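Data block below; observations after.
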Amino acid sequence: MDERLIATVASALRVPTSTLTLETGPGDLPAWDSLAQINVVSEIESEFGVSIPIEQMAEIRHIRDFLGYLTKTP
Amino acid sequence: MKCALLSNVNVESIARQMERHEVHIAQGYGVWTQELADPTSGTYGSGPSSIFVVIDGGELLRGRRGLESTIAEVDEHLAWIEQAAERSPGIKFFVSTIDVPARALRPLKEERIERRLEQHWHGGIARASARHSNVYIFDLKELVEQKGRSLLYSNKRWYLGGLRFSTAGEKFIARELERILDAQRIARKKCLLLDLDNTLWGGVIGEDGLNGIQLSQTGEGARYRDFQLRIRELGEMGVILGIVSKNNEADAFEVFEGHEHMVLRKGDFAAMKINWTPKTQNIADLAQDLDIGVDSIVFIDDSPVEREAVRTALPEVTVPEFPVDTCELAAFFEQVYKDCFFTLDSTAEDRKRTAAYVANAKRAAERTAAPSMEAFLVGLGTRISFARVCDEDLPRAAQLTQKTNQLNLTTRRYTEQELRALQTTPDTEVFIASVADKYGDNGKVLVSIVRRKARDTAELDTFLMSCRVMGRFIEDQILDHLVKELRADGLSRLRVPFVPTRKNAPARAFIERLRGGRLVSDDESGAETWEFDIARASPVTKPSYAELLTQPTRLLEVQS
């Protein structure tokens, strides 16, 4: 799950997987600006078939924080 | 390539996906029209060769109720696009069609003004495209209809960042835009070779007979008829069509001549190899007959064994996988078109090409029959017309620089925009020549760019000729004419650079039959520069076989 999540984020940011860990977050990479953050959320939603409410997006500071949304859904 | 992307919604994320190209963006309500209208805007400042105008129909209609006021505003937008195209003839404008989702709650009795708006916009850009050669239609609406709004759009992204399209939608759009940019740089394939049995019709003619094969207007046989219709459309766009089939020729011809539902006719094909020779051999022979590289050939065959044999023996030939489900034949072929033959605009030259190759085959037959090469060349009654390029010639001239590989001294590729700039560059002239003979018109086939390097020295920046008229010493006669004109203008030296490539051996042969050349430079890459003293003699050794028509022009006038 962790690897698939990181791969999804890497593909959304168009960066190599090796540049990311679960602790990487928005603003840590030049490629991860606010526009890229929208793409990250979109890609995770379509890859994992989940929906992340707009209200909760501000709380996502690290890739790890997405895990909570992925496991909630069966 | 440098391009600009203008939109009334946020398209930055689309631009980021077009990594191979330099994309300038200007976006937002009102911004795109200002950028378009203002010649000093950042958009023009970025020096784009293409400008994409991608318009979101929903946003265009936002906050409007009445059709009339909306139409009035749309007309204003269209006028700006036309003015921009008129002012910048060197830039290609790709304007999207629009998709306007019905967003208002509305009873079934009311007119759907969204449909009207879509049509009105399309009518406007179609007129602009008809009036301006540099305006093209980017069919976004078709993409939306093909993929579906629920896949292409995203509400969440819209509210989060003004991003209208889903990530999937952005990928589709970015791919289409890149296809358009690539088509301007990468040569498309020239020739499509087709198998017959179970490819152009269902079944095997040698076994099933004329009445047993599947080919019809409706029902199962229509899969093949629809496929043939698409192939004929491709032929009409100037792609050379050929047949490579293991069959008895007489059986195959019976279908071409006697089957009422056959769309393709013998005359649609420039070459047919219907025999029992291995297809790899036939394809190699056919490339030689037509004088094209095997890397410009696409081969379609239902048999995986034949496909594999061709891929192995001739890896440069493009061999697409044949669809397992033949109901997808026409759709498969649309993809082949996009991948291999996509073009922005098929020029009149393209459309004449198959006829030209058929005429070439006739010339080849006459050459074999003629008592001597000289008699054959004289007997052709060749007429060359040679002139400075004018605006209408630019698309063809650019195409020639991009596609000609064999008789090409320097293989410098130019875009239409670059050639247009050369027209007004001091000490530089761009020439184009067309060739006709008793078998037909070969169209514009030769481009030469001459630059003045010093007071008495000119250089051939470019000298190239299409392979379709090679072997007739037309290039010699044109060079001889150029030399005379240069001499009349007071120049006494001509520099001829030669840059070797994997394919331009004919250019090397051309240089070698010139006389009096002095090698003034060469380097490790094999590039050479030859210099000829043209004050008294011409380097050309071959006699003239054609009639040459020119307008008297001063080429590169000596400044006092």
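Kindly indicate whether any position in the stretch B:158-174 is more than 14 Å from chain A (Cβ to nearest Cβ) and not in a helix (DSSP H, G or I).
No; the residues of the stretch B:158-174 include none that is more than 14 Å from chain A (Cβ to nearest Cβ) and not in a helix (DSSP H, G or I).
Check off (1) surrounded by fewer than 19 Cβ atoms within 10 Å (Cβ to Cβ); (2) among the aliphatic types (A, V, I, L, M); (3) under 24 Å from the mean Cα position of the chain (by Cα) for B:VAL319 and give me the number that stays unchecked.
Answer for B:VAL319: the failing condition is (1).
Considering only residues of the stretch B:294-316 that are surrounded by fewer than 18 Cβ atoms within 10 Å (Cβ to Cβ) and outside any loop (DSSP other than H, G, I, E, B), which is farthest from the chain's Cα centre (by Cα)?
Among residues in the stretch B:294-316 that are surrounded by fewer than 18 Cβ atoms within 10 Å (Cβ to Cβ) and outside any loop (DSSP other than H, G, I, E, B), the one farthest from the chain's Cα centre (by Cα) is B:VAL305.
Which of the residues spanning the stretch A:19-29 are within 14 Å of chain B (Cβ to nearest Cβ) and out of contact with any helix residue (DSSP H, G or I) (no Cβ under 6 Å at 6 or more places or on another chain)?
Correct list: A:LEU29 only.
Failed condition for B:ALA330, given (1) surrounded by 19 or more Cβ atoms within 10 Å (Cβ to Cβ); (2) without any contact (Cβ under 8 Å) to a residue 60 or more places away in the chain; (3) among the aliphatic types (A, V, I, L, M), with all others met?
So B:ALA330 meets the others, but not (2).
For a quick check of your reading: which helices (runs of 4 or more DSSP H) sit entirely within the stretch B:1-109 and have at least 2 residues that are farther than 24 Å from B:LEU143 by Cα, of a type outside the set (A, V, I, L, M) and assigned by TED's automatic domain parsing to the domain that holds B:TYR153?
In the stretch B:1-109, B:31-37, B:42-45, B:67-87 are the helices (runs of 4 or more DSSP H) which contain 2 or more residues that are farther than 24 Å from B:LEU143 by Cα, of a type outside the set (A, V, I, L, M) and assigned by TED's automatic domain parsing to the domain that holds B:TYR153.
Listed here are the residues, each with its yes/no results for (1) within 30 Å of B:GLY471 (Cβ to Cβ); (2) aliphatic (A, V, I, L, M).
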{"site": "B:ILE243", "(1), (2)": "yes, yes"}
{"site": "B:GLY258", "(1), (2)": "no, no"}
{"site": "B:ASP268", "(1), (2)": "yes, no"}
{"site": "B:LYS273", "(1), (2)": "yes, no"}
{"site": "B:THR277", "(1), (2)": "yes, no"}
{"site": "B:LEU286", "(1), (2)": "yes, yes"}
{"site": "B:ILE297", "(1), (2)": "yes, yes"}
{"site": "B:VAL310", "(1), (2)": "yes, yes"}
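Here are some conditions: (1) touching a Phe, Trp or Tyr at 6+ places or on another chain (Cβ under 9 Å); (2) over 30 Å from B:GLN423 (Cβ atoms); (3) not in a helix (DSSP H, G or I). B:LYS362 meets all but one. Which one does it not meet?
(3)
Where residues in the stretch B:505-549 are of a type in the set (S, T, N, Q) and out of contact with any helix residue (DSSP H, G or I) (no Cβ under 7 Å at 6 or more places or on another chain), which of them is modelled with the highest pLDDT?
That would be B:THR529.
Limited to the stretch A:30-74, what total is found for residues that are of a type in the set (A, V, I, L, M), part of a helix (DSSP H, G or I) and either closer than 22 Å to A:PRO16 by Cα or away from chain B (no Cβ under 12 Å) (or both)?
9
Regarding A:THR8, is this residue out of contact with any strand residue (DSSP E or B) (no Cβ under 7 Å at 6 or more places or on another chain) and either within 14 Å of another protein chain (Cβ to nearest Cβ) or among the small types (Gly, Ala, Ser) (or both)?
yes
Which of the residues spanning the stretch B:419-441 are farther than 26 Å from B:ASP489 by Cα, out of contact with any strand residue (DSSP E or B) (no Cβ under 6 Å at 6 or more places or on another chain) and surrounded by 15 or more Cβ atoms within 10 Å (Cβ to Cβ)?
Of everything in the stretch B:419-441, those that are farther than 26 Å from B:ASP489 by Cα, out of contact with any strand residue (DSSP E or B) (no Cβ under 6 Å at 6 or more places or on another chain) and surrounded by 15 or more Cβ atoms within 10 Å (Cβ to Cβ) turn out to be B:ASP437, B:TYR439, B:GLY440, B:ASP441.
For B:ILE125, are the conditions met, namely being of a type in the set (A, V, I, L, M), touching a strand residue (DSSP E or B) at 6+ places or on another chain (Cβ under 7 Å) and assigned to a helix (DSSP H, G or I)?
In short, yes.
Residue by residue, here is whether (1) within 16 Å of B:SER13 (Cβ to Cβ); (2) modelled with pLDDT of 95 or more; (3) surrounded by 14 or more Cβ atoms within 10 Å (Cβ to Cβ); (4) under 12 Å from the mean Cα position of the chain (by Cα) holds:
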{"site": "A:GLU3", "(1), (2), (3), (4)": "no, no, no, yes"}
{"site": "A:PRO26", "(1), (2), (3), (4)": "yes, no, yes, yes"}
{"site": "A:PRO30", "(1), (2), (3), (4)": "yes, no, no, no"}
{"site": "A:LEU35", "(1), (2), (3), (4)": "yes, no, yes, no"}
{"site": "A:ILE52", "(1), (2), (3), (4)": "no, no, yes, yes"}
{"site": "A:GLU55", "(1), (2), (3), (4)": "no, no, no, no"}
{"site": "A:ALA58", "(1), (2), (3), (4)": "no, no, no, no"}
{"site": "A:ARG61", "(1), (2), (3), (4)": "no, no, no, yes"}
{"site": "A:GLY68", "(1), (2), (3), (4)": "no, no, no, yes"}
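Which one of B:GLU233, B:GLU207 is out of contact with any strand residue (DSSP E or B) (no Cβ under 6 Å at 6 or more places or on another chain), under 13 Å from B:LEU264 (Cβ atoms) and at pLDDT below 95?
B:GLU233
Taking the stretch B:144-157 on its own, how many of its residues are more than 13 Å from chain A (Cβ to nearest Cβ), touching an Asp or Glu at 6+ places or on another chain (Cβ under 9 Å) and surrounded by fewer than 20 Cβ atoms within 10 Å (Cβ to Cβ)?
Residues in the stretch B:144-157 being more than 13 Å from chain A (Cβ to nearest Cβ), touching an Asp or Glu at 6+ places or on another chain (Cβ under 9 Å) and surrounded by fewer than 20 Cβ atoms within 10 Å (Cβ to Cβ): 2 in total.
So that you can scan it fast, the table gives a plain yes or no per residue for (1) under 30 Å from A:LEU13 (Cα atoms); (2) buried (at least 18 other Cβ atoms within 10 Å of the Cβ):
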{"site": "B:ASN8", "(1), (2)": "yes, yes"}
{"site": "B:ARG20", "(1), (2)": "yes, no"}
{"site": "B:SER46", "(1), (2)": "yes, no"}
{"site": "B:SER49", "(1), (2)": "yes, yes"}
{"site": "B:GLU86", "(1), (2)": "no, no"}
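The values are calculated or read from the model by the stated rules, or taken from the named source; none is laboratory data. Keep in mind it's a predicted model, so treat the numbers as computed, not measured. Positions of Cβ are generated from backbone atoms using ideal geometry, with glycine treated the same way; all protein chains shown enter the neighbour counts.
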